[in-house]
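Each remark here refers to the structure printed beneath this line.
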Amino acid sequence: MMLILGMALATYFTRVTPFFFHIRQYRFLKFVPASVFASLIFPDLARSVDNLIAGLLVFAVACKNRDLLVAFLTGVFALYLLKIGV
Amino acid sequence: MVLKRAIPVMISYFFISMAFGVVASKLFDFYSILMSVTVFAGAAQFIAVRMAQENFSIASIILAVLLVNSRHILMCSYISPLHPDLSRFKKAVMAFGITDETFALGISEKSSGSAYQMRLNFLSFTAWVSGTAFGILFGEIIPENFYHVLPFGLTAMFISILVSNARGYSHVIAAIIAGLLSIAIGGGMAVIVSSLAGIIAGSVVERWTGE
C-alpha cells in the first residue's frame, strides 16, 4: 500500500507541477514533441532488425499518410509478419 | 470523433495493462488494480513490478518511478500553456491523464480544445483500468506473442507524429540527437536526459541558422 501511494504521488507530481507554474510559451518548448518522441522511438527500433524494418516501413507510410490509425496498424501488422517470418 | 482517434490507444492500453495485470497480480494481488487507478503510467508500473520481484526497497522503487516519469514534466510544460483558461480543478484533472500516448494524440490534433484532451485522457484511463482488471481475472488466455507486437503500434503512432512535427533542420537535429542518445543511455533515465539534450541541440541549431 505504501508503495502504491508513493508511486501515485511521485507520478502525479511530475504531471501536475507544470500546470501550476506559470509557463509561458518558451521558444525551446517547441522542441519537446520531436525530442520526446524520438527518445521513445529510437530504442524500440534498435531492439531488433525486425523492429527496425517495421519502423522504416511505418516511416515511409507516415510520410504519405498522417493518419495515426494507419500508422498503428502498419506497425503492428508489419512487425507481426516479420516475427512469424514472412 | 474523439473515440475514433482514441481507439488505437485504447486497444493497446487494454492489452498492455492486461499483461501488467497478469504479472502484477502475482505480487500485489488485487492491489494491482489500485495501482493502475492511482498511477496510470505504464513504464513506471512495469518497472515497479520488476523491482518488487527483485526485492528492492519501497523507497528505491518510488525514486525509480519519479525518474522514469520525469519526462511528464516536459510534456506537461508543453501542454499546460495550450490550455490557459482552465479552472484549477480541471487543470488538476487534466494533469492526471497525461501519458506519452494521450500527449501524442492531444497535440496531433491542431485545433483540439481542452474538452478533447479531457475525453482522450478519460477514454485511455478507462481502457487502462479495465485491461488491468481483465489481466488479473483471466489474463493468461491471451497468447504471449500478442503482448510483444502490440506496443509497437504505439511506437508506430509516435513515428507518424514525429514525421508531421519535425519541420526544418532544427527539429530534425533535435530528434536525431535525442533518439541516438536515448539508445546510448538506455534504462529509465534515458528519455528525460536525451530529450533535454535534443531540446538544447534544436535551440542551438535554430539560433545558428536563424530559422
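Each value in this text was obtained by applying a stated rule to the coordinates, not by laboratory testing. As the structure is a prediction and not an experimental result, all values here were calculated from the model. Positions of Cβ are generated from backbone atoms using ideal geometry, with glycine treated the same way; all protein chains shown enter the neighbour counts.
Of the trypsin sites (Lys or Arg not before Pro) found in chain A, those that fall in a DSSP loop while having at most 11 other beta-carbon atoms within 10 Å are A:Arg24.
Backbone phi angles across the range B:9-25, fed through the Karplus curve with coefficients 6.51, -1.76 and 1.60 (θ = phi - 60°), yield HN-Hα couplings of 5, 4, 4, 4, 4, 4, 7, 5, 6, 5, 4, 4, x, 4, 6, 5, 5 Hz in residue order; Gly and Pro are listed as x. In percent, rounded to a whole number, the relative contact order of chain B is 31, using alpha-carbon pairs under 8 Å and six or more apart. Assuming charge only on the beta carbon of Lys and Arg (+1) and of Asp and Glu (-1), the dipole of the protein assembly as shown about its Cα centre is about 780 debye to the nearest 20. Considering only A:Thr11, A:Leu29, A:Leu57, and ranking their Cα positions along the charge dipole of the range A:1-78 that arises from unit charges at the beta-carbon of Lys, Arg, Asp and Glu, the one farthest toward the positive end is A:Leu29. Assuming charge only on the beta carbon of Lys and Arg (+1) and of Asp and Glu (-1), the dipole of chain B about its Cα centre is about 480 debye to the nearest 20. Relative contact order, percent, of chain A when contacts are C-alpha pairs under 8 Å separated by at least 6 residues? Contact order relative to length: 21 percent.
Checking the Cα-Cα distances for B:Lys4/B:Lys90; B:Lys26/B:Lys91; A:Lys30/A:Lys83 against a 28 Å cut-off, the pairs over it are B:Lys26/B:Lys91; A:Lys30/A:Lys83. Placing +1 on the Cβ of every Lys and Arg and -1 on the Cβ of every Asp and Glu, with no other charges, gives the range B:81-169 a dipole of roughly 480 debye about its Cα centre.
For A:Lys64, the lysines whose Cα falls under 19 Å of its own Cα, not counting residues fewer than eight places away in the same chain, are B:Lys110. Taking the charge dipole of chain B about its Cα centre, with +1 at Lys and Arg Cβ atoms and -1 at Asp and Glu Cβ atoms, the residue from B:Ile199, B:Val22, B:Met118 reaching farthest to the positive side is B:Met118.
Once each of the chymotrypsin sites (Phe, Trp or Tyr not before Pro) sitting in a DSSP loop with at most 15 other beta-carbon atoms within 10 Å is removed, chain A keeps A:27-86 as its longest stretch.
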